[in-house]
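The values are calculated or read from the model by the stated rules, or taken from the named source; none is laboratory data. Just so it is clear, the model here is predicted, and its values are computed rather than measured. Cβ coordinates were reconstructed from backbone atoms using ideal geometry, including for glycine residues, and neighbour counts include every protein chain displayed. In case anyone asks, the SASA skips ligands and DNA or RNA and just uses the protein heavy atoms, side chains included. Shrake-Rupley method; radii C 1.70, N 1.55, O 1.52, S 1.80 Å.
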Amino acid sequence: MKSITIIGTGYVGLVTGVGLAEFGNRVICADINEKKISALNSGAVPIYEPGLEEIIKKNVSKNRLFFSSDISSSINDSEVIIIAVGTPESDSGEADMQFVFSVVEELKKNLNNYKIVCTKSTVPIGTGGKIIKILQNSYRENIDFDYVSNPEFLREGSAVKDFLWPDRIIIGTSSKKAYQVMCDIYRPLYINKNPIEHTTIETAEMIKYASNSFLALKISYINEIANLCEAVGADVHDVASAMGKDGRISEKFLHPGPGFGGSCFPKDLESLIAISKKYDLPMETLSAAIKANKSQKTKMGNKLEKLIPGGIKNKNIAILGLSFKANTDDIRESSSIDMINYILSKGGNIRAYDPIANDSMSKLFSDISYFHDVYVAVDKADALVVMTEWNEFRSLDLKKIRSKMSGNYILDTRNILNMEELSSLDFVYDNVGRIKI
Ligand code: UGA
């Protein structure tokens, strides 16, 4: 059992903290936001993440998980300190590192005996080296520490599952001792011989960016193939499924849609582009993926405009799904934002529904109508757009929807509705790259 402090209680910090407690470690989740910490201490969970609340409760009751806003004593009390604060995109595209370096300032003041300093936040390659230098050059003598880069690969909406059953754990460090301690904190996975990769710090930092960027590239690629499928009369699902059978390609992340969003891909791509430019090795493939993604988002609006006779103007449009993907209330960079802006710019009226993201979106668009029931949202709508692949949209009662709507136009940007049923109910529909029935 190791004692660990995680600084930052966003979705990465919280899920990591709870997951490491579940592995049997003693974990303090620390954050300067006192409100958040007191909410956590009273049993509230600040983010929606399936399974998170239950596992927090379990580990708090087993006295393995604690929440604190006292950063100094949290650092003093633990052997491993994990930095898990945000690295948002700055105006230049580079990651904004102010939160990471303010934690490093705290570490400078509080490293009281040997500790492992570990970064989980996604940070530009070279950050580990900078942190080591800052700590080594701090005014206090004999600071004893080892540094580890241990990037995360959690997906929002399945982060708890991803943490407990990971594809790989990357431990970037030059210290054998730190490597062994990190293997110990992931002990259940280590015993199960889960793939733990020991790399250099820079390699670990690069693995994170290279992975996210590749996945984003893959999505932009299949989106462009989908658009071309429409033009040439091919079906993108058949294409993706056959491509995926080639082990070199794999079927995952080949699902076409309205363009990727979220807090990671858009910012990580920009950050890696900024890094590549610094070394005068600009990554053209990533710039193309971003361009294709922006244009995919606009294409969805154009599709809707084309689908409805007379266009969007003065029409009632029901939007189903506001979050950037299913199982989260996160709307950051969600394609729904682009869709809402498009409809508003064309003079349409919006009736929005999301199982859990209505509140988040209402902070951005307070003037559109939000509903808590999908069948109320579609009432007298001229057209309906599916923007998020929530499970409940896969099993919609389309007959009921047809009887509630005043029009019969559907744009399914996630390709989840049954086309045979849509046709038999006389819907006029469009999707992304599928042959219509
Ligand atoms: C992503 C990575 O998948 C995680 O491994 C990584 O840890 C995380 O970023 C991070 O850096 O923190 P996340 O952003 O939560 O996770 O969500 P994804 O499931 O990767 O989806 C991202 C976007 O791509 C969503 O808008 C989703 O709808 C879209 N997508 C995904 C597609 O359009 N098609 C697909 O086939 C897959």
At 1.4 Å probe size, with every protein chain present, just tell me what the per residue accessible area of segment 231-366 comes to in Å². 47
Using just the helices of the chain, give the 222 nm mean residue ellipticity in deg cm²/dmol: DSSP H runs with n ≥ 4 each add -39,500 (n - 2.57), and the total is spread over all residues, rounded to 500. -13500 deg cm²/dmol
Going by Cα centres, segment 305-376 and segment 201-278 are how many Å apart? 25
Taking only C-alpha pairs under 8 Å that are 6+ residues apart, what is the relative contact order of segment 297-435 in percent? 25
If you project the alpha carbons of segment 249-348 onto the principal axes, what extent comes out on each, in Å, largest first? 51, 28, 26
Going through LYS297/LYS380; LYS313/LYS380; LYS57/LYS161; LYS120/LYS291; LYS58/LYS161 one by one, the pairs whose alpha carbons sit over 18 Å apart turn out to be LYS297/LYS380; LYS120/LYS291
Sequence-distant aspartates and glutamates (8 or more away, or on other chains) whose Cα lies within less than 19 Å of LYS218: GLU156, ASP167, GLU230, ASP235, ASP238, ASP246, GLU251, ASP268, GLU270, GLU284, GLU333, GLU389
Counting other Cβ atoms within 10 Å, which trypsin sites (Lys or Arg not before Pro) in segment 335-408 have at most 11 and lie in a DSSP loop? LYS380
SER211 to LYS380: extension gain in nm, 0.36 nm per residue of separation minus the Cα-Cα distance? 56.4 nm
Looking at the P(r) of segment 298-437, how many percent of alpha-carbon pairs lie beyond 25 Å? 16
Binning at 10 Å from 0, report for segment 54-188 what percent of all alpha-carbon pair distances ends up in each bin. 10, 37, 39, 13, 1
Dimensionless Rg/Rh of segment 219-285, both radii on Cα and Rh by Kirkwood, sits at 1.08
Report, largest value first, the span of the C-alpha coordinates of segment 353-415 along each principal axis, in whole Å. 32, 23, 18
Taking a cut-off of 15 Å between Cα atoms, list the aspartates and glutamates near LYS2, but don't count ones fewer than 8 places away on the same chain. GLU22, ASP77, GLU79, ASP184
Relative contact order of segment 82-222, pairs being alpha-carbon contacts under 8 Å that are 6 or more residues apart, as %: 22
Rounded to the nearest 5, the percent of DSSP beta bridges in the chain running antiparallel is 5
Take the eigenvalues of the Cα gyration tensor for segment 20-82, scale each by 5, and report the square roots as semi-axes in whole Å, largest first. 18, 15, 9
Could you order LEU164, LEU228 so the one with the most accessible surface comes first? Probe is 1.4 Å. LEU228, LEU164
So what is the accessible area of segment 21-63 per residue, in Å², with the probe set to 1.4 Å? 55
What is the percent carbon and sulfur in the accessible area of the chain, measuring with a 1.4 Å probe over the protein chains and ignoring ligands? 50
SER102 to ARG168: extension gain in nm, 0.36 nm per residue of separation minus the Cα-Cα distance? 20.8 nm
Sort 35-46, 203-214, 426-437 by packing, meaning the average of other beta carbons within 10 Å per residue, with the highest value first. 203-214, 426-437, 35-46
Note on the chain: contact order normalised by length, alpha-carbon pairs under 8 Å, 6 or more apart, percent, works out to 12
TYR279 to LYS291: extension gain in nm, 0.36 nm per residue of separation minus the Cα-Cα distance? 2.1 nm
Per residue Cα convex hull volume for segment 13-121, in cubic angstrom? 113
The chain - Rg (one decimal) and Dmax (whole number), Cα, Å: 23.7, 77
Sorting SER220, SER406, SER72 on solvent-accessible surface, 1.4 Å probe, most exposed first, gives SER406, SER72, SER220
Given 5 Å bins starting at zero, what is the percent of C-alpha pairs of segment 126-253 in each, up to the one with the largest pair distance? 2, 9, 14, 15, 15, 13, 10, 8, 6, 4, 3, 1, 1, 0, 0
